1. If you check Ala53, Ala62, which single one turns out to be buried (at least 18 other Cβ atoms within 10 Å of the Cβ), small (Gly, Ala, Ser) and modelled with pLDDT of 95 or more?
2. Is it the case that Gly90 is without any contact (Cβ under 8 Å) to a residue 40 or more places away in the chain and either outside any helix (DSSP H, G or I) or among the aromatic types (Phe, Trp, Tyr) (or both)?
3. Does segment 23-37 contain at least one residue that is out of contact with any Asp or Glu (no Cβ under 9 Å at 6 or more places or on another chain) and within 18 Å of Gly146 (Cα to Cα)?
4. Among the candidates Val65, Val57, single out the residue that is touching a Pro at 6+ places or on another chain (Cβ under 9 Å) and not hydroxyl-bearing (Ser, Thr, Tyr).
5. Working carefully through the options Leu109, Leu103, Leu75, find the one that is touching a Leu at 6+ places or on another chain (Cβ under 7 Å) and assigned to a helix (DSSP H, G or I).
6. Given the criteria under 16 Å from the mean Cα position of the chain (by Cα), part of a helix (DSSP H, G or I) and modelled with pLDDT under 95, does Leu85 qualify?
Amino acid sequence: MFGLVNKGLEDMVCSQYGEETWEEIKSKADVEIEAFISMDAYPDDITYRLVEAASAVMEMPATDVLEAFGRYWILFTATEGYGSLMEMAGDNLPEFLQNLDNLHARVGLSFPNLQPPSFLCSELEEESLKLHYYSDRPGLTPMVVGMLKGLGEKFNTDVDIQLTNRKAQGNDHEEVSISHKPKCPFKQHLHRSNN
């Protein structure tokens with residue numbers, strides 16, 4: 001994985017738990033890299049070890065670490081210079097998800113060895129869709145779920161996410177059913193003014 005992923009994990013941990021916690025995680029993961037370079041590629045094993053160590057140090061399941069990181073990733077990448085690319089990918093959640101592979105292709109211009117997952121949308125309805133997630137990297141579905149939740153926040157949309165088909169069930173990819181409904185800005189304004 002590219003250093004940007006590990007930098008994002010570091011940024012999340014440091015901002016929410018402090019730098020000492022990050023140093024403890026690196027030590028437990030046996031990672032001696034002082035600073036990750038965004039555009040350098042690192043073995044996937046480093047990222048997996050960091051997540052496993054974060055799970056132990058922060059006393060939360062690795063799936064929860066990955067989901068929290070996925071949610072955080074949406075904000076992090078926007079602040080790391082990819083905000084304009086994200087804006088071009090869509091004005092709402094379904095449009096953005098349909099353009100994910102195009103977005104990764106554009107990012108690949110900066111990261112020539114990028115091996116991103118692939119996403120395909122099907123059964124597009126007014127307030128629901130199925131997202132098909134293909135990846136050679138095992139165990140990252142919770143990160144995708146977190147990203148979907150983060151995108152829901154980005155697009156001011158309520159999302160309900162259900163894993164409907166799993167690789168563990170013999171499927172060649174993960175399948176996620178997503179119900180999405182834009183939040184009413186007027187209702188939000190009323191809710192805030194009543195507090």
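1. Values: Ala62 fails: buried (at least 18 other Cβ atoms within 10 Å of the Cβ).
Checking each option against the conditions leaves just Ala53.
2. Details: without any contact (Cβ under 8 Å) to a residue 40 or more places away in the chain: yes; either outside any helix (DSSP H, G or I) or among the aromatic types (Phe, Trp, Tyr) (or both): yes.
Yes.
3. no
4. Values: Val57 fails: touching a Pro at 6+ places or on another chain (Cβ under 9 Å).
One residue alone meets the criteria, Val65.
5. Working: Leu109 fails: touching a Leu at 6+ places or on another chain (Cβ under 7 Å); Leu75 fails: touching a Leu at 6+ places or on another chain (Cβ under 7 Å).
Being touching a Leu at 6+ places or on another chain (Cβ under 7 Å) and assigned to a helix (DSSP H, G or I) holds for just one of Leu109, Leu103, Leu75, which is Leu103.
6. Values: under 16 Å from the mean Cα position of the chain (by Cα): yes; part of a helix (DSSP H, G or I): yes; modelled with pLDDT under 95: yes.
So Leu85 fits the description; yes.
Quick grid of which residues meet (1) in a helix (DSSP H, G or I); (2) in contact with a Cys (Cβ under 9 Å, 6 or more places away or on another chain); (3) of a type in the set (Phe, Trp, Tyr):
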| site | (1), (2), (3) |
| --- | --- |
| His132 | no, yes, no |
| Arg137 | no, no, no |
| Met143 | yes, no, no |
| Lys149 | yes, no, no |
| Gly152 | yes, no, no |
| Leu163 | no, no, no |
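A quick yes/no check of all residues on (1) of a type outside the set (D, E, K, R); (2) touching a Ser or Thr at 6+ places or on another chain (Cβ under 8 Å):
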position	(1), (2)
Cys14	yes, yes
Val31	yes, no
Ser38	yes, no
Ile46	yes, no
Arg49	no, no
Trp73	yes, no
Phe76	yes, no
Thr79	yes, no
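The values are calculated or read from the model by the stated rules, or taken from the named source; none is laboratory data. The structure displayed is predicted, hence computed values, not measured ones. Neighbour counts are summed over all protein chains in view; Cβ atoms, including those assigned to glycine, are modelled from backbone coordinates with ideal geometry.
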